[in-house]
Every structure is written in structure tokens, then in C-alpha cells.
Amino acid sequence: QPIRLEDYTPPAWLVESVHLDVALAPSRTRVRATMRVLPNPDAAAGTPLTLDGERMTLLLVSVDGAKLDAGAYDLTDSSLVLPHLTEGTHEIVIETECDPQANTSLTGLYQSNGVYCTQCEAEGFRRITYFPDRPDVLAVYTVRLEGDAAACPVLLANGNCVESGTLEGGRHFAVWHDPHPKPSYLFAMVAGDLAHVSDSFTTRSGREVALGIYVEHGKEDRTAYAMDALKRSMKWDEDAFGREYDLDVFNIVAVSDFNMGAMENKGLNVFNDKYILVRPDTATDVDFANVEAIIAHEYFHNWSGNRVTCRDWFQLCLKEGLTVFRDQEFTSDMRSRPVKRIADVKTLRAHQFPEDAGPLAHPVRPTSYIEINNFYTATVYEKGAEVVRMLKAIVGEDAFCAGMDIYFSRNDGRAATVEDFLDAMAEASGRDLSQFKRWYDQAGTPDLVVSGRYSPLDETYELTVAQSTAPTPGQSQKAPLHIPLTMGLIGTDGEDLGLYLAGETSEDGATERTLELTQHEQVFTFEKVPSPPVLSLLRGFSAPVKLTTNGGEKDWLFRMAHDSDPCARWEAGQTYARELLVAVTRAIAAGEKPRRGTRYADALRNVLTDDSLEPAFAAMMLDLPGEAELAQHIGQDVDADAVHAARSHLHKAVADQLGDLLLDRYAQLQSNAAYSPDADQAGRRALKNACLRVYAGLGNENAARLAATQFASANNMTDTEAALATLTHMARDERQAAFDSFYERASGDPLLLDKWFSLQAMSSREDTLARAMELAKHKDFSLTRPNTVRALVGVFAGANPVRFHAADGSGYRFLTAFVRELDPINPQVAARLLGTLKTWRVYDAPRRDAARQAVSDLLSAGKLSEDTYEIATRMIA
Ligand code: ARG
Ligand code: ZN
């Protein structure tokens, strides 16, 4: 019974205030909710009060002080209806009991390592008390938490602590009040025996904010980077968006069992501890960067999400796409803008494009769902951010800033829609955004086919651009989109040419322009072009599209060396490598001798010797497109073994040709400087480890020795992990020794053990599936810990194409058997894991048959959660 966007109706009842009295106990936590309710003046009158609620024991209901008998209300598995309550303002009291200890779904109130915590987004609050659990009901919350003083010295909830004290029987309490009306999904409470570190931040208008990060005892020395990132985020949102923090307290709690990355609860963010706890010897440069980005993301939600929230869950991208855009901008300002942009393009291409091309495709604003948690996707988040970025490119920086101000001020304290956002932007820019809006409604990645023609006689260059989007589930017809296409023309000397668009009066001859595509096909003519230019398209990756041009090897080589736009320059190398890999795959399948990519290797040689390049950028240039991306690019009847063989072949050919240069660069980039997670140092390590990785393509004794030496001598986790990531594919003794020693070091540290699991799960060795099955029975593995599940099964299915997409279907069956076991324990994580199968249709017939069979078997094996059921049925629909 799907929920549909078109069925939205405003809430019949509003809640003015809620007072929660929570008596914590591991298996019998009591919640007494006192709320003032009143009919919504903007909704149809006379509707009985209906509250959402599930998986609780109802103990008492009273209205205006009078207890109701069971006959006076209707109770179902998912709701509580008071049929006689149809008008007037009332005080409702509801008492319930729930069992946090037994709650392995990690939604609602649960315990993680003995710490009580909550996750209410999207619909977890209804497991804490009966309530109109929808984002457009905003209320003021006061929470009184009571617990055992020894087990729970720390008692936290949203807002400010207004009272606390001790009670009889070794218990104590704290009262928290949040003055900002909020939807129930932003509610949070935490209780437990936690250590904390404090700091403070003074906002630009002089508000002194007490900052706290709560972690397990003994982990305090892993919080410094997160705290620093938090203060930088607070400052940046003031400078870049004029957004200031609005409470006297901002607390963060790190818990080890968490379904997602983190949660932006008002004034009390709860994090997966993987995204808080970093220290040079336990976390990689990538881990540090993730902490910085996620701290920023959750903090930025305070405005894009909390102050301005969503009317309904179909509008999820309104807060998520916008907040991802904001955190991307933050990272760009903190680190290298081009490197961040390329990293985001890689993520988009690795996760969102396949989603958009497969059975789980959906618009940035979906129109129906069974389980909303299945829509916290790359499309809503990452493509949602791309849509905001395109909007900025179309209306321009100034109008975009003005539009953001209008959006925030006009919708402050409201539950808004995508339309409200677009209205603000349209008003600020004076632009008609009605066609642009299709980006929110139409699924699928558009294909752009571009061809350029130079005519020497009149010195013009004619660009023909055609756009189309393939059908996606439920959307067979696609309308043209409003697409910003940023481009340049490069002259023979490698310099950008001035652009003079025919028919335009103001001719400033800028070297870069954003063309606006609105039709199926359009022609742009550039004048005053003295000689045949090289076309540089999609600069800064100005739109989330797939691009085909009539350029070839010569153009790619030229642009790998000369394109002034780093993103387009990197993309030239990727396009070249992709085409080479496709050719090699075909040659191998046909039993022909595959190409060695000599000119490609030469271009990489230039990258390696060009000191003017940022090391992090050079590292990205060295990266071959992955096997999953290639499979996607080939698009049908893919043989995962052939793709793997082709990539290994090219990898080895490049390593052969660059051998000594790679070793030289590797040696040059070694450093004895004290570790710092900053972008410069991280970039040099990235390039050094890229040299190691490429060199390891040789697969010989030297490569193994190099990696083993790095493993033995590394003084930071980045180098340790890079060494293991190289060794893991090898069939050599060095591998076993390194993994054994790493395991010993990881003992008792779940975050390190997760690395140990995932580094094995990603191995391309033939015995990896067998090893993964063994590891799923390992004493350090547990179905109740999402991080560990993702480290082993998530990495195997999501990052090891050749073994997961084994022709005999063994990888698929491993996944579905695992999902079946996990589903009753944690449906959200089970459904998400199953989602890794979404690319199955691009593979060849034996694989397709096996995948379809594995999913149908899962569906017929017994009752599934709604989460997993929805994914499984869409997967093979
Ligand atoms: N709003 C959170 C974020 O983007 C994600 C939490 C979603 N959790 C869930 N179970 N659906 O940071
Ligand atoms: Zn978010």
C-alpha cells in the first residue's frame, strides 16, 4: 500500500507542546507524553485525532485529566485513534512502555554498547510514543529524563538543560527544553556512561555556544579533529550563507551502532562513531575528510532541514540535496575545490548513475513509496545536490545568494516544499524555472550527444547538442530538461579562445560560457574562430549527464595535457581510459591481442612528471575507471570476468611502461614530516599511494615487497591501509603476514576490525567469496552492528564486481541469504544491502538469470520486512 505524493493532505490536528517524561530501563522504558493538541485551522474540521505508534505497549490514555477506558479509543498495530475527539484544544496524556535493549532495528529508542540513544528520522518517534509522526507537525518539546545515576551519568536531549537533580534509589534526572518548534523526526535523547570533551564557539552576534562531543570512555583522544571541523563549519555557515546558530548548546554523541552516517537532531546530533573518531594511527586521510564533511553536513541542517523543514517525505531532497550542496561547498573552501569536485563526480558516477539506470531509478523527488527509509538514496542526496548546483549555474552567483536568503527567511519555522525553494530562486533571479523543475520529477541520467564542426571559410564553429533520457520504471516518456552546459574552445597553442556566440550583441569574448539547453536539439554557432579548436565540454561537470562527442584519441590526449578546467581535464583521461578498456575487453573476448595503451601511458607519464599539478589531482588522473563503471558504460551483456581481465591487462601494461618513474615518484613523495590530515599532506600521500597501486599492477615480487615494506614501516593509517589494499589482491605470503599482524593490532577496536573485514572483502582473489563466508562466522563479526555488516557484505557486494558478479551466481546467493538472515534483525540495513544488486541487468544472461532467481527465492522464502520487500519487488519488476 504505497504512499503517494498526490494524496498529501495537511494534518487534521496540530500539537502545540509536548512534555515527555522518560523513565529509562534497559527492557522496560516508560514514556509519559503530555501534549496540547488542537484542530488545524487549515484542514477539514471534524476529523478524529489519530496518532501514529508501533511496537510499544500502551498503558494509559487520558484526555483533559480523565482516563479513557479501552472502549473509548481504537488501537491498531500502527495507530491510536480517539474517535470522539473531533474539536477543541485538549491535553492528552499517553503512557507507553518500550524495550530499548531488544531493539536491533536501531530506529526509535535503542541501546548501543549500553548507551541509550534514539533515531527518529524518518518515522522512529512513533516507536517512542503515540504522536502525529509527520514532518509538518511542529511542536515545542520539553523532556524529563530519569535514569540510574551509575549506568547513565549522562542524560541528554534537544535544546538547553533547564534542571537536574538526584533522586532516591540511586537515580537522577535532567530536564531539557528546546524552544524551537520542530517535527518529531528531529527529537533525540541519549543516556549512558560517556566521556566528553568541551569547547565553545561565539557566533557573530555574540552568542556563546557550549560545544560538547560525547564518546565512549577512552576515545576522547580521537575527537579533536571533529571538534575543530565543527567550529569551522559554524564559522563558514555565517560567512558563506549568513546562517547563525540559535541555541546555547550544541552537542554531538558518537555511537557505535547506527544505521546511517549521522543525524541532525536539533542541538543534539547523533553520529555513527566512524564519522567522529579519528586519530592518525586509526583513521585514513579519507576518514578524516569524511568526518569533516559529515560534521559540516549535520551542522548545516540546522538551517536547511531544521529551521526550514520538509512538508512531507517526498520533499526529502529539499533538505538533503541542499545540505549536500552546502557541505560540498564547505569542503571546497576548506580543501581543493577542483579535487573536491572531481571526487564528487566520481561518487555520483559510481552510485547515482547506476541507480538512475537500473530497476531502483526514481526522481529526485519521488512520487510514491512503501518505506520512506528506502529513499535516502544517492539520487535524493547526490543528484539532489547537483540540481542545486545547476540552479546556481543558471541564475548566477548573486541571484542564487539572494534566493537562498529569501528561501530561509520566508520559510523559517515552516515545513516547506520544493516549490517554495524554486519560487524563492525564481523571484531572486527573475528567471522562469518551470522547465528546470523537471529535474525534480524526471528520473534517469540524460544523454548528451554533441558534435562540433569547424568551417575555415567563415571561421565559425558550429556546435550541435542533442539531449535525450532513456525510459525508467514508471516513466516511459521523457521531456527535454533545462541543462547548463559549461564549455570552452581550446586553440592549437593550448590556450582558451574567446567565445563569440552568433546572434549575441554583447560580445565580451569570455573564454568560458554556460550554454542553456532546453530543447531536444540545439545548434550554437561561434564566430571569430581562427583555426580548428578542441572542444572542452561540461567544465566543472556542470550537469549530471552522460556525454558523447565526436572527438577521439587526439582530443583526449590534447585535453589531458591542456584543458584549463581540471574537471574536464580529468574527464578527458577517464574517457580515453574507458574507450581503451572497452576495446581491450572486446579484444580479449574475441581472442585477439589487446592494445597496450602506449599513448595513454605516455600521457600519464606527463602527469607524473608535471610538478605544476596538485598531487591530489595527479593521483586522480592516475586512477583507471573501475570495473563497475565500465560495466555500466558497456551497458548490456557484460561479462564481469572479461571486464576484470581487461582492467588488469591495462593496469599491468601501464605499470610496465611507467615502472621506474612510478618508483621514483614513490620515493620522492615519502616524507618524515609529522602527520597532519590537511589537504596538502593528504594529497601527497594520495599520489604516493597511487604510484604504489599502479606499480602493483605488475603483480610481481617487487610490488609485493614494496607494499609489505610500506605496511611494516607506515606511521599512519593511510599508508597502512594503502599497503593492505595492494597486498589483498596478491597470492603471496606477504599478504597473510600483513593481515595477521593487522588483526592483532585491531583487536578490541571495532573501527579497525571493520577495516580488516573490508580489506579482505574487496580482494579480487578467487577465494574471496569463500573467505567472506568464513568471515561472516568470525567471532568479531556481528549482525547487529551495521558498520561491520557493511564492511564485510556491503564491500563484497558493492566494491568487488568480479567476485560478486560471479557467473555461477554464487555471489548473488551469498548476498540474498545474508539479507534473509539480517532482515528480521535490521530491516533498514538489510534493504540497503539488497540494493547493491541494482546493476544486475547490465550483465550477461547467466548472471541475469542467477540474480533474478536469487531475488525471487528471497521473496518466496518467507515474510520480509516492508523495507526489503519493496526493494526486492522493484529489483525484479
Ligand atoms: N538526515 C540524516 C542525514 O542526512 C540521515 C538520517 C536518515 N536515517 C534514516 N534511517 N533514514 O544526515
Ligand atoms: Zn542530511
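Quick notes on this structure:
- Distance between the C-alpha centres of the stretch 302-338 and the stretch 421-492: 24 Å, rounded to the whole angstrom.
- Peptides 795-808, 397-410 ordered by average Cβ neighbours within 10 Å, highest first: 795-808, 397-410
- Protection proxy ranking for 320-332, 722-734, using the average of other Cβ atoms within 10 Å per residue and placing the highest first: 320-332, 722-734.
- Environment charge at D823 (Cβ cut-off 15 Å; Lys +1, Arg +1, Asp -1, Glu -1): -3
- Straight Cα distances below 30 angstrom link K392 to the lysines K182, K231, K235, K266, K319, K340, K346, K383, K437, K478, K528, K546, with same-chain residues fewer than 8 positions distant left out.
- Rounded if a/c under 1.5, otherwise prolate or oblate - the stretch 427-483, Cα gyration tensor axes: oblate
- Label-to-label distance for N550 and S332 is 3.2 nm, based on points extended 7 Å past Cα in the beta-carbon direction.
- Taking 4 °C and 1.567 mPa s as conditions, the stretch 614-730 diffuses translationally at an estimated 86 µm²/s according to Stokes-Einstein applied to its Kirkwood radius (Cα pairs).
- Cut-off 16 Å, label 7 Å out along Cα→Cβ of V582, residues of the stretch 835-852 by amide N: 842-843
- With a cut-off of 13 Å on the backbone N, the residues of the stretch 102-132 near the modelled label site 7 Å out from S79 along Cα-Cβ are 131-132.
- Rounded if a/c under 1.5, otherwise prolate or oblate - the chain, Cα gyration tensor axes: prolate
- Percentage relative contact order, the stretch 481-534, counting C-alpha pairs under 8 Å, at least six apart: 46 percent
- Stretchable slack from E512 to E163, in nm (0.36 nm times residue separation minus alpha-carbon distance): 119.7 nm
- Cβ-based exposure ranking for K546, K340, in which fewest neighbours within 10 Å come first: K546, K340
- Relative contact order [Cα under 8 Å, 6+ residues apart], the chain, whole percent: 8 percent
- Mean-position separation - Cα centroids, the stretch 677-729 and the stretch 28-60, in angstrom: 57 Å
- With both labels modelled 7 Å from their Cα along Cα-to-Cβ, the A731 to D780 distance reads 2.7 nm.
- Residue order, fewest to most surrounding Cβ atoms within 10 angstrom, among K777, K67, K652: K777, K67, K652
- Between A502 and N702, residue separation times 0.36 nm minus the direct Cα-Cα distance comes to 66.1 nm.
- E462 paired with A667, simple spin-label distance in nm, labels 7 Å along Cα-to-beta-carbon: 5.7 nm
- Theoretical gain in end-to-end length, T367 to S200 [0.36 nm per residue, Cα-Cα removed]: 55.8 nm
- Residue exposure sequence - Y695, Y869, Y576 - by fewest surrounding Cβ within 10 Å: Y869, Y576, Y695
- Mean residue ellipticity, 222 nm, helices only, the chain: the sum of -39500 (n - 2.57) across DSSP H runs of n ≥ 4, divided by residue count and rounded to 500, is -12000 deg cm²/dmol.
- Rounded FRET efficiency, nearest 0.05, which uses the C-beta distance separating E397 from Y454 and R0 of 51 Å: 0.95
- Highest-first packing order for the peptide set 604-612, 749-757 is 749-757, 604-612, based on the mean count of other beta carbon atoms within 10 Å.
- Alpha-carbon centroid distance for the pair the stretch 229-270 / the stretch 373-391, whole angstrom: 20 Å
- Prolate/oblate/rounded call for the stretch 247-401, Cα gyration tensor, a/c under 1.5 rounded: rounded
- At R0 = 25 Å, FRET efficiency that the Cβ-Cβ distance of Q519 and E419 yields, to 0.05: 0.55
- Seen from R171, the other residues with C-beta closer than 10 Å to its C-beta sum to a net charge of -3, counting Lys and Arg as +1 and Asp and Glu as -1.
Quick note: the coordinates plus some simple rules give every number you see, no bench work behind them. Predicted model only: the values in this text are computed from it and were never measured. In this analysis, Cβ positions are derived from the backbone assuming ideal geometry, glycine residues included, and neighbour counts consider all displayed protein chains.
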